[in-house]
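Encoded as structure tokens, the structure appears first; notes follow it.
The values are calculated or read from the model by the stated rules, or taken from the named source; none is laboratory data. Remember, it's a predicted structure, so these values are computed and weren't measured experimentally. When we count neighbours, we look across all protein chains shown, and the Cβ atoms used for this are built from the backbone with ideal geometry, even at glycine.
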Ligand code: F6P
């Protein structure tokens, strides 16, 4: 890190780590009977418990010093003020305007964007309600019962994740489908289950140039026209984009085209009309509740002191783990099956934002940036990759996410779910010493040699950090809060690392090379001699292996 004050603050944390690593996390609980209260924060009915991480008040003090020398609060205020914080694209990053219920103006380039935001929201929510109520029907007069969102990345992951998370709020008889992959089986498998007369397609693309989305939209259009004729298209297609000029060329009626703005990044866009499929599914009222959840967190992030500021704490603890302890990954494990797609959603949010190697000024970073994010719902993950979390050579911090009450009355399932969640975080922290392992094996009556052989395999190092989010119930508002907490957490880390979390140049090269390779793949006789040996060899092999 070539910012001297930040480097000095990190050096202090490094030295502090050597001190704190002499203590076990359980010792920290023994020393402070109120550790849980002292190392957890509540935001209404959502609790963030970070007491099982190996840190103390001194650690937090050093992390707050780091935040101060990195001007976290000033940078946060610049974000909310509409400054062009996305310096490489010369854009603001104002997704918070999409969930701004303060009644106050938000300016981009000296212009208040709120009237446009509210007008567009009213328009897409009115459309959503018209589909839900059956006022808008298909070309044959039948009710539209199946909504297919065609989009990828930020134009897919948010609504797809939320549609599953909030399925108890879905209107009966309405189904949402999400087609993203250019692999034709994604669209094909979806269409096979659908009746064209009852299907509404929403083509969602910020740029309206994304190859996968345009290809899928063209194929969907062909399928519909094949069944119902060209005149049916306006009844069965809607679009969401910032590039209204490009949408027009696709032949979608202007009153079914919903816009957003270049100051909304793709992975931050589910709050905009990109959430249309979700809004149709759960209705305008619940969609607004989701937005209000995001707004709650914006208010909290802007006003809470660092010591009680959940996104700030999440981000600083992330830095503590990534840079000071050197942990390369972060697991996110929802003990809430309906959040099954939340880890995938966070992968884009976190890894596309903070997977960067240069600082804002183009200088190389001198410390590690974004971790690898992965996860699956618990308890399933326990029976798959948790072995590595407990006994692998790398330590992986875990975020556990769990509700206090189930969405369904489920006769004891939730007790087991909740107990499993706590058992995992406790096991990660507590571990099991060799001596304890030996005692257990002795109690089982294992003979000496066998006991000696088995004992090392039964040892758990413990002191593996985790945080737990506990909320009352997975409501639209709770989901809005969770998403916004992670959005701001990612921002906090980017400030410490002095990187731009709002661009994604790393996705460009592959896209360019694909445009060059596609003609060579499709033309069986194309000359491959200018390609590298592996690429040429694989194309040639496809020619012989494929039909
Ligand atoms: O390739 C990455 C990306 O640009 C994401 O950032 C974005 O969310 C996704 O593609 C889809 O882009 P669009 O909404 O423009 O189709």
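Here are some notes:
- Restricting the first member to segment 188-210 and to residues that are at positive phi, and the second to residues that are outside any loop (DSSP other than H, G, I, E, B) and within 16 Å of the ligand (Cβ to nearest atom), the beta-carbon pairs closer than 8 Å and six or more apart or on different chains are 208/214; 208/239; 208/241; 208/246; 208/247; 208/250.
- Residues satisfying the stated conditions in segment 402-414, i.e. more than 21 Å from residue 52 (Cβ to Cβ) and either outside any helix (DSSP H, G or I) or out of contact with any strand residue (DSSP E or B) (no Cβ under 9 Å at 6 or more places or on another chain) (or both): 405, 406, 407, 408, 409, 410, 411, 412, 413
- Which numbered condition residue 437 misses (of (1) closer than 25 Å to residue 328 by Cα; (2) assigned to a helix (DSSP H, G or I); (3) touching a helix residue (DSSP H, G or I) at 6+ places or on another chain (Cβ under 9 Å)): (1)
- Test: residue in segment 363-378 that is surrounded by fewer than 18 Cβ atoms within 10 Å (Cβ to Cβ), free of Cβ contacts under 8 Å to residues at least 40 places away in the same chain and not assigned by TED's automatic domain parsing to the domain that holds residue 457: yes
- Of the helices (runs of 4 or more DSSP H) that lie entirely inside segment 181-237, those containing 2 or more residues that are modelled with pLDDT of 95 or more and touching a strand residue (DSSP E or B) at 6+ places or on another chain (Cβ under 7 Å) span 184-191, 211-228.
- Taken over segment 160-175, the criterion of being out of contact with any helix residue (DSSP H, G or I) (no Cβ under 7 Å at 6 or more places or on another chain), surrounded by fewer than 17 Cβ atoms within 10 Å (Cβ to Cβ) and in a helix (DSSP H, G or I) is satisfied by 168 alone.
- Residue 395, sole failed condition from (1) part of a helix (DSSP H, G or I); (2) under 19 Å from residue 28 (Cβ atoms); (3) touching a residue at least 40 places away in the same chain (Cβ under 8 Å): (1)
- Qualifying residue in segment 206-217 (condition: assigned by TED's automatic domain parsing to the domain that holds residue 273 and farther than 22 Å from residue 514 by Cβ): no
- Filter result for residue 524 (more than 18 Å from the chain's Cα centre (by Cα) and part of a helix (DSSP H, G or I)): no
- Within segment 30-44, the set of residues being surrounded by fewer than 21 Cβ atoms within 10 Å (Cβ to Cβ) and assigned to a loop (DSSP other than H, G, I, E, B) comprises 32, 33, 34, 44.
- When residue 152 is tested against (1) touching a helix residue (DSSP H, G or I) at 6+ places or on another chain (Cβ under 8 Å); (2) within 26 Å of residue 475 (Cβ to Cβ); (3) within 16 Å of the ligand (Cβ to nearest atom), exactly one condition is not met: (2).
- Subset tally (residues that are surrounded by 21 or more Cβ atoms within 10 Å (Cβ to Cβ) and touching a strand residue (DSSP E or B) at 6+ places or on another chain (Cβ under 7 Å)) for segment 382-401: 7
- Any hit, segment 496-508, residues being part of a helix (DSSP H, G or I), within 19 Å of residue 369 (Cβ to Cβ) and away from the ligand (no atom under 16 Å from the Cβ): yes
- Every residue from segment 293-329 that is surrounded by fewer than 22 Cβ atoms within 10 Å (Cβ to Cβ) and not in a helix (DSSP H, G or I): 304, 305, 325, 326, 327, 328, 329
- Residue ID - nearest to residue 150 (Cα to Cα), chosen from residues in segment 251-275 that are away from the ligand (no atom under 13 Å from the Cβ), in contact with a strand residue (DSSP E or B) (Cβ under 6 Å, 6 or more places away or on another chain) and part of a loop (DSSP other than H, G, I, E, B): 252
- Pairs where the first residue, in segment 338-356, is without any contact (Cβ under 8 Å) to a residue 24 or more places away in the chain and the second is more than 14 Å from the ligand (Cβ to nearest atom), C-beta under 6 Å, 6+ apart: 351/370; 351/373
- Entry remark, segment 119-149: residues being over 25 Å from residue 180 (Cα atoms) and within 16 Å of the ligand (Cβ to nearest atom) number 0 in total.
- Conditions (1) assigned to a helix (DSSP H, G or I); (2) closer than 23 Å to residue 485 by Cβ: number failed by residue 17: (2)
- When restricted to residues that are surrounded by 15 or more Cβ atoms within 10 Å (Cβ to Cβ) and more than 12 Å from the ligand (Cβ to nearest atom), segment 196-226 contains 13.
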